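Each reported figure results from applying straightforward, stated rules to the coordinates on display, with no laboratory input. Worth saying up front: this structure is predicted, and the values here are computed from it rather than measured. As a convention, Cβ positions derive from the backbone with ideal geometry for all residues, glycine included, and neighbour counts pool all protein chains shown.
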Amino acid sequence: MVKLFFLLSGENETLPYAELIAILEAENLNFSIIEKLDQVMRLEADNNCVKAVSLRSAYTRICARELFTCEANDEAITKCLNNIEFRNFINENDSFAIRVKRVRNYAEKASVMKYESKIGKLILKKTKTRVNLVRPDNIFIGILTSGKFIFGLKIAIIHPKPFGERRPKEKPFFHPSGMPSKLARSMVNLARAKRNDLLVDPFCGTGSTLIEATYIGCRTVGLDAQLKMIKGCIKNLEHFNISPEGVIHSDARKPPLAKVDCVVTDPPYGRCCSTMKSTTKRIVEETLDVFNSLLDKGNKICIASPKSIDLSIIGVRIGYKHLESHFVYVHGSLTREIAVFEKR
Ligand SMILES: C[S@@+](CC[C@H](N)C(=O)[O-])C[C@H]1O[C@@H](n2cnc3c(N)ncnc32)[C@H](O)[C@@H]1O
C-alpha cells in the first residue's frame with residue numbers, strides 16, 4: 001500500500017469523490033481513506049488504483065504519490081521539503097518540473113509561482129538534475145487546498161478531452177435529451193460496473209451510457225420505446241465503432257431479458273422527451289420493480305431523475321438498499337438526482 005492523492009474536478013460537490021471510491025470498489029482494490037479535502041482525496045491504497053482510476057474516471061484530474069502533507073504556510077512547507085531526500089525520487093541527469101495548483105481561493109495566486117520557484121531551486125540544490133518545463137521526465141505536484149499543502153510525484157494526468165469529443169452535439173444523431181458523456185461515465189462507475197458485465201440501459205436514447213460502458217469493457221444492451229431513438233442510437237454506436245450485445249425496440253417495463261449484471265439509466269422527464277402517456281414517477285417505479293427480479297443480490301442500479309420525484313424513497317419502497325444520491329444542477333427548473341441502489 002502507498003500513500004496517493006487525487007486532484008478531483010470541482011464540477012460537483014460529491015460526485016467526484018463518490019466516483020473515485022466506486023471505481024476502487026468495482027475493481028476490488030484495497031484502499032483506506034486518509035482524508036477528504038476540497039477537490040482532493042488522500043488515500044492509502046494499492047498501486048494499481050492509479051491505473052484503474054486513470055482508465056475509468058470522469059472526474060479525476062491528477063493521480064500522484066504523496067510525499068508529504070502539511071499546513072499551507074512557508075515554515076511548514078520548507079520544513080517538510082528539507083526532510084525529503086529528492087534523490088530517491090528522481091534519477092541523476094533526469095529533468096523535472098514543479099506544478100503547484102491552488103483549489104478555488106485557498107491561497108493567493110502569487111503563492112503558486114512562489115512555491116514552484118522555491119521547490120525548483122531546492123531540488124536543483126539537492127540533486128544533479130535539471131528543469132524542463134516542456135517535456136520533464138518527472139513532475140512534482142503541489143496542491144493548495146483547505147488550508148493544506150499536499151505534495152507528491154505525479155503518476156498520471158487525466159485529460160478530459162475524450163469526453164468532449166463524445167458530447168451530445170458531437171454525435172451524428174443528436175437529441176436534446178442526450179446525457180453529457182462525463183456524467184454517463186460517472187454513472188457507469190457508480191453502478192460499480194466491471195469488465196465483461198452485462199450492463200443495460202432500458203432508456204438508452206442516443207446511446208451515451210452504452211458508449212461509456214463499452215469503453216470500460218462492459219457488454220451492453222440498450223432498450224428504447226421509440227424507433228427513431230433506436231435508429232439514432234445505432235448510428236451513434238457505429239460512429240464510435242461500438243458493437244453492443246443488442247439495441248432493442250422495447251418498453252423498459254417489459255424487457256426481453258432474463259438476467260442482467262447492472263443497470264445505468266436516465267428515464268424520460270416529459271420535457272424534451274416524452275413519457276408516452278405515463279409519468280416519470282410511474283415509469284421509474286415500474287422499471288425499478290421489473291429490474292429488481294433480473295439482478296442478482298449485491299448488483300447495482302444507477303438511475304437519474306428530477307430531484308422532485310424523490311428517487312431514494314421510491315427505490316427503498318420497492319425493496320432496494322439505497323447506497324447514495326448525488327444532485328446535479330442542470331438549470332433553474334431541473335436538478336437531477338443520481339441514485340445508486342443495490343439489489344438485496
Ligand atoms: C432522457 S432520455 C435518455 C437519454 C439517454 N441517456 C441519452 O444520453 O441519450 C429517455 C429515453 O427514454 C425513452 N422512453 C420513453 N418511455 C420509454 C419506455 N416506456 N420504455 C423505454 N424507453 C422509453 C425515450 O424515447 C428517450 O429516448
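Just flag the trypsin sites (Lys or Arg not before Pro) in the range 32-131 sitting in loop per DSSP whose Cβ has no more than 13 other Cβ atoms within 10 Å.
Counting only loop positions with at most 13 other Cβ atoms within 10 Å, the trypsin sites (Lys or Arg not before Pro) in the range 32-131 are R104, K128.
Listed values for the range 223-231 are Karplus-derived 3J(HN,Hα) couplings in whole Hz (6.51 cos²θ - 1.76 cosθ + 1.60, θ = phi - 60°), namely 10, 7, 7, 10, 4, 5, 6, 4, 5, and x replaces Gly and Pro. Let a ≥ b ≥ c be the square roots of the eigenvalues of the Cα gyration tensor of the range 157-249; is it rounded (a/c under 1.5), or, if not, prolate (a/b larger than b/c) or oblate? It comes out oblate by the Cα gyration axes.
Which angle between 0 and 90 degrees, to the nearest 10, do you get for helix 280-292 versus the longest principal axis of the chain when only C-alpha atoms count? On a 0 to 90 degree scale, this one is about 80. Which of rounded, prolate, oblate describes the range 165-342, given a ≥ b ≥ c as roots of the alpha-carbon gyration tensor eigenvalues and a/c under 1.5 marking rounded, otherwise prolate only if a/b is larger than b/c? Rounded shape, in that the Cα axes give a/c under 1.5. Within the shell defined by Cβ-Cβ distances under 13 Å, the residues around A191 carry a net charge of -3, with Lys and Arg each +1 and Asp and Glu each -1.
Overall shape: prolate for the range 2-157, with the ratio a/c of the largest to smallest alpha carbon gyration tensor axis at 1.5 or above and a/b above b/c. Note on the range 39-122: percent of Cα-Cα distances in each 10 Å bin, starting at 0 and stopping at the bin with the largest distance, equals 13, 41, 37, 10. Near N138: Cβ cut-off under 13 Å, other residues only, Lys/Arg at +1 and Asp/Glu at -1. The net charge is +3. Max-minus-min Cα coordinates of the range 266-344 on each principal axis give 37, 27, 16 Å, with the largest extent listed first.
Relative contact order of the chain: what whole-number percent is it, with Cα pairs under 8 angstrom and at least 6 residues apart? RCO, the chain: 13 percent.
If you fit an axis through the alpha-carbon atoms of helix 15-26 and take the longest principal axis of the Cα set of the chain, what angle between them do you get, 0 to 90°, nearest 10? The answer is roughly 80 degrees. What angle, in degrees between 0 and 90 and rounded to the nearest 10, separates the Cα long axis of helix 181-190 from the longest principal axis of the Cα atoms of the chain? Approximately 90 degrees, to the nearest 10.
For the chain, with a Gaussian network of springs between Cα atoms less than 10 Å apart, report the residue from S250, S274, S325 with the top mean-square fluctuation. Fluctuation is largest for S274. Translational diffusion of the range 136-175, estimated by Stokes-Einstein from the Kirkwood radius over alpha carbon pairs at 20 °C in a medium of 1.002 mPa s, is 159 µm² per second. Net charge in the neighbourhood of M179 (other residues with Cβ under 12 Å of its Cβ; Lys, Arg +1, Asp, Glu -1) is +3. Each pair of Cα atoms in the chain enters the Kirkwood radius, and Stokes-Einstein at 37 °C and 0.692 mPa s then converts it into a translational diffusion coefficient of 152 µm²/s.
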